[in-house]
Structures are given as C-alpha cells and as structure tokens.
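Written below as structure tokens is the structure these notes are about.
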Amino acid sequence: MKATIQFNGKSAVIELTSDQLTQVQKQTSHFTNIKTLQDALDYVGETTDQFNRRTQFDDDAQKAGKELEVIALAIRQGNTLGRNQGDKWYFPYFNSKRSASGFSFNVYDYDHSHSDVGSRLCVESAEKADYMGKQFIDIYDRYLNANDLAIDNQTVSGVEPKIFSSYKDIKTIEDACAALGIDPSSFLDGIKNLAPDTNAYEQLKVVVRALNGGEHMDYKDEDEYKYFPYFNSVGSASWFSFIVFSFDSSFSLVGSRLAYKSREIAEYAGKQFIELYDQHING
C-alpha cells in the first residue's frame, strides 16, 4: 500500500510493508473496536492456540484474569502506564451483592500508581475503564466470582491440619500448607512450571485460606466486610512496599479468594508475604 507523508516540508509517496500497515491500523483504530477476546488477541499479535497453551494449567478464574490482561493491553493501544507518584491507573469496579441485578458494573475507579490489582489490569483513562467494565463484564464475573472458592488440585497429606495458636504463627508457605493439611513439597512441585504470577497466585490462595482459619469470603454477602493489603509499586527507592489495608463489602475488585476476614490479618499478610504479592501483581 502506498502512503503520502510530509518530510522536510515536502510530500513523498512511500510503500508501506505489511508490518508497517498493521502498525498504522493499530494506532489509528479506536479502543471500542476491541469488542471480544479474539479482537484483543488479534491486536496484540497472539493466536488463540498460543493463548490456550500458556493458560492450559490455569483454573477458569486464572484464565479469565489473563484474558483481561490481554484485553487491557489492547485497549491501552500500546500506551504504557506512568509509574511516577501521582500517575493515575484506572480500572472498573463491580457490584456483586445479592440483588435483582446480580453481578453488575458499578463505576470506574483509579489509584495513584499504587497496586492491589496490578498495572496489567489497568488502563490510562476513565473512559477506557468504563468501557472495559461494561463490554467485558462476563469475563470479570469469572475472574472475581469463581464458582468454586475451594482450594483445588492440591495434594492433601492425609494427616490432620496443624493447629496454630495465632495466625501470626503462620510465617511461610510451608506453615500455610500445614495449617490446611497440605503436603508442601508436593504442592510446590505441582506448581513449579506455572508462570511466576500464576505460581504466586496459587501460593496466595493457600496463604489466605490458612490465615482465615480455613474459611473463604463470599462477595455475594453484602453484610460481610472483606479486607485486602494495598501496595506501593512505583519506581522508587522502596519499589514494592506495603502501604495499608483496604476493604469492601459487596463490591468486587480483587476477588474473594484473596480477601481476608479482618484488617489485622490483611495487614499481617501484606507485610509477611510481600514477596508473594510482588510476584503475583508484578509478575
């Protein structure tokens, strides 16, 4: 395809290669043209087979999360999010309480380069976050409200779970496994080939359940508060650090499997298991 460009004040006709033409089409398209996961995969240059291969060991919620990462990347149209203090990252926010509407888009929200969902699920404008929340609500529902909240596919040791006198005595993934009656060696060996963020997610599910005393949180219960740690992930001397805990009731952002039943537990987890959170959020 031939195109006319301006160079040194004069017009020039050049021949665009297929790769150059594809790049021009991407840069001039509107983000609302991304209407499906397939549209997003086509935009970022990943085939369906490639995507399925890299998510073959994920459960449905994990796969939905990676679908959203591809979608967010495509909707950002190649734009990168600022990592300086004060730069805003936008993301959709949902209502998942028991109501006539069920799971529904609520509003967009933003943070200032802080992290609880990670930049891979964020976009650079409120307009794009609003579009994502409405257009891809079914994928968000899968990501945030998995049908089975139990810890699946873990190797149970066959011995009784270890009783800890306090959640603060659970200091490692091995402790968390012991609290749930899981053989840590078999568990860690079983997830060793997963991508780093997915590996950390599997470990955090065990940590969360253990610190919650074996319970899981229900985002459909609007009377039950859920707490989660909040982090600073800007490019600074501190790099990735715990800031504070946050909470919600019937609204969804991080998903119930990574939510804690008290602010004290959320704060403890955010500090004690910060390396796992860094790996999960930042890959």
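Details
- Residue match in segment 219-228 (condition: assigned to a helix (DSSP H, G or I) and modelled with pLDDT under 80): no
- Just one of the listed residues (Phe51, Phe31, Phe57) is closer than 27 Å to Ala200 by Cα, surrounded by 10 or more Cβ atoms within 10 Å (Cβ to Cβ) and modelled with pLDDT of 90 or more, and it is Phe51.
- Inside segment 263-280, residues that are in contact with a helix residue (DSSP H, G or I) (Cβ under 9 Å, 6 or more places away or on another chain), free of Cβ contacts under 8 Å to residues at least 60 places away in the same chain and more than 23 Å from Arg120 (Cα to Cα) make up a count of 1.
- For segment 242-250, the criterion of being modelled with pLDDT under 85, surrounded by 21 or more Cβ atoms within 10 Å (Cβ to Cβ) and under 21 Å from Asn145 (Cα atoms) is met by no residue.
- Residue selected from segment 202-218 under the condition part of a loop (DSSP other than H, G, I, E, B) and modelled with pLDDT under 90, by the criterion nearest to Cys177 (Cα to Cα): Gly214
One line per residue, one yes/no per condition, for (1) in contact with a Pro (Cβ under 9 Å, 6 or more places away or on another chain); (2) at pLDDT 65 or above:
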residue	(1), (2)
Asn84	no, yes
Ser104	no, yes
Val107	yes, yes
Asp111	no, yes
Val117	no, no
Glu127	no, yes
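- For segment 143-182, filtered to residues that are modelled with pLDDT of 85 or more and of a type in the set (D, E, K, R), the residue that is surrounded by the most Cβ atoms within 10 Å (Cβ to Cβ) is Asp175.
- Only one entry of Leu276, Leu258 meets the criterion of being crowded, with 16+ Cβ neighbours inside 10 Å, closer than 25 Å to Ile163 by Cα, within 16 Å of the chain's Cα centre (by Cα) and at pLDDT 90 or above, and that entry is Leu276.
The values are calculated or read from the model by the stated rules, or taken from the named source; none is laboratory data. Please read these numbers as outputs of a predicted model, since none were measured by experiment. Cβ atoms come from the backbone with ideal geometry, glycine included; neighbour counts cover every protein chain shown.
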